[in-house]
4 protein chains.
Amino acid sequence: MNQNEFAELTARIKAFADARNWEKFHTPKNLSMAVAGEAGELVAEFQWLTSEESTLASLSPEQLQAIKLEIADVQIYLLRLADVLNLDIPAAVIEKIKINESRF
Amino acid sequence: MNQNEFAELTARIKAFADARNWEKFHTPKNLSMAVAGEAGELVAEFQWLTSEESTLASLSPEQLQAIKLEIADVQIYLLRLADVLNLDIPAAVIEKIKINESRF
Amino acid sequence: MNQNEFAELTARIKAFADARNWEKFHTPKNLSMAVAGEAGELVAEFQWLTSEESTLASLSPEQLQAIKLEIADVQIYLLRLADVLNLDIPAAVIEKIKINESRF
Amino acid sequence: MNQNEFAELTARIKAFADARNWEKFHTPKNLSMAVAGEAGELVAEFQWLTSEESTLASLSPEQLQAIKLEIADVQIYLLRLADVLNLDIPAAVIEKIKINESRF
């Protein structure tokens with residue numbers, strides 16, 4: 001697997017934070033809260049939709065755009081959290097899939 | 001940017017779900033809930049730690065392993081959600097970083 | 001224990017929803033999402049604060065007001081969820097405290 | 001409105017925490033994380049259910065019991081958070097309902 005995408009996005013997000021002197025805010029504890037906060041905004045996009053209304057065929061372009069940016073927000077803080085903990089997300093995903101394969 | 005990592009992980013996660021006939025459960029609404037549920041487990045790993053205790057230098061190997069697998073769980077459902085909505089996460093992240101750059 | 005507070009708040013919240021014909025949106029599934037979404041907004045109020053900055057002695061009146069209204073939002077949806085499932089929150093809390101007492 | 005229920009539950013939860021010397025863990029920041037973590041467990045109870053399956057008429061006694069205890073967990077940490085911030089939840093709920101009445 002090519003590591004470029006995760007590493008490149010991680011580097012861009014770190015550079016953005018560093019340029020604003022946000023390192024002191026980016027403790028793992030705080031970043032886990034940011035992931036949870038953004039996940040809350042993501043689930044809120046779907047809370048009053050039926051499962052049918054939540055599908056790609058039913059969402060309006062405006063709804064899909066809002067959802068896309070909430071997914072991006074969760075991803076950004078997840079990448080930042082993994083970065084400050086020196087964790088490799090693709091390797092972790094593969095490890096977790098293997099655990100799930102042995103379970104289900 | 002090389003698209004291989006996200007596409008390859010997405011394909012593996014889809015194959016895992018398809019092999020278990022889980023497509024019917026994987027509506028965008030349900031997957032947004034799974035992201036939120038896993039983000040809740042992630043934040044719970046950190047809730048009683050001080051910010052100092054949450055850093056890489058302070059976490060035990062067991063704590064770091066648990067956190068790694070929670071990050072993987074959030075990532076897995078985020079990739080699956082983007083997949084069923086035909087969204088490109090790396091492109092969404094870049095788009096959101098640009099929005100943030102114009103804001104902050 | 002006097003049941004009036006929970007019952008009275010629950011009735012007011014139900015009347016508010018009924019007056020707007022929101023019953024169809026208020027499935028237990030959807031309300032659990034609303035609780036999670038509001039909990040995400042609550043945690044976001046605290047994400048960049050240190051533990052010291054998060055205390056009553058340190059919060060500004062504006063911060064405390066914002067936090068108060070987020071707590072209210074979580075409470076409103078939690079009461080609504082318990083209502084549609086015909087669950088008694090005070091009794092459930094007492095039951096859970098007893099379980100915790102036997103554990104810790 | 002009678003204040004007894006909220007005050008009585010709050011006092012019981014505080015006594016439980018004090019008896020275990022948990023005050024140092026119960027900063028507002030940490031308690032907001034606990035609310036979010038428990039809300040994540042609550043939403044996870046519903047994530048693979050359809051809206052119909054999530055209703056009182058369809059849930060099994062075991063499912064309903066699990067949901068009840070997750071609601072209790074969210075409520076316990078919400079009461080504890082309000083306690084350490086000296087906030088009155090019933091008053092906050094009434095205030096928020098009035099704000100909502102002026103909005104919708």
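The values are calculated or read from the model by the stated rules, or taken from the named source; none is laboratory data. These figures come from a predicted structure and were not determined experimentally. We place every Cβ from the backbone using ideal geometry, glycine too, and count neighbours over all the protein chains shown. Side chains are part of the model used for accessible areas, which takes the heavy atoms of the whole protein and leaves out ligands, DNA and RNA. Shrake-Rupley method; radii C 1.70, N 1.55, O 1.52, S 1.80 Å.
Points to keep in mind about this one:
- Note on the stretch A:57-82: residues that are facing another protein chain (nearest Cβ under 7 Å) and among the polar types (S, T, N, Q) total 1.
- Enumeration of residues in the stretch C:1-54 that are among the small types (G, A, S) and within 20 Å of D:F6 (Cα to Cα): C:A7, C:A11, C:A39
- Tabulated pairs, the stretch A:83-97, first more than 7 Å from chain B (Cβ to nearest Cβ), second polar (S, T, N, Q), C-beta under 7 angstrom, 6+ apart or interchain: A:D83/A:T10
- Qualifying residue in the stretch C:44-65 (condition: under 10 Å from the mean Cα position of the chain (by Cα) and closer than 19 Å to B:G40 by Cα): no
- Residue match in the stretch B:48-56 (condition: away from chain D (no Cβ under 14 Å), aliphatic (A, V, I, L, M) and within 30 Å of A:Q63 (Cβ to Cβ)): no
- Total residues in the stretch D:1-22, condition open to solvent by 60 Å² or more (accessible area, probe 1.4 Å), at the interface with chain C (Cβ under 7 Å from one of its Cβ atoms) and not in a loop (DSSP other than H, G, I, E, B): 3
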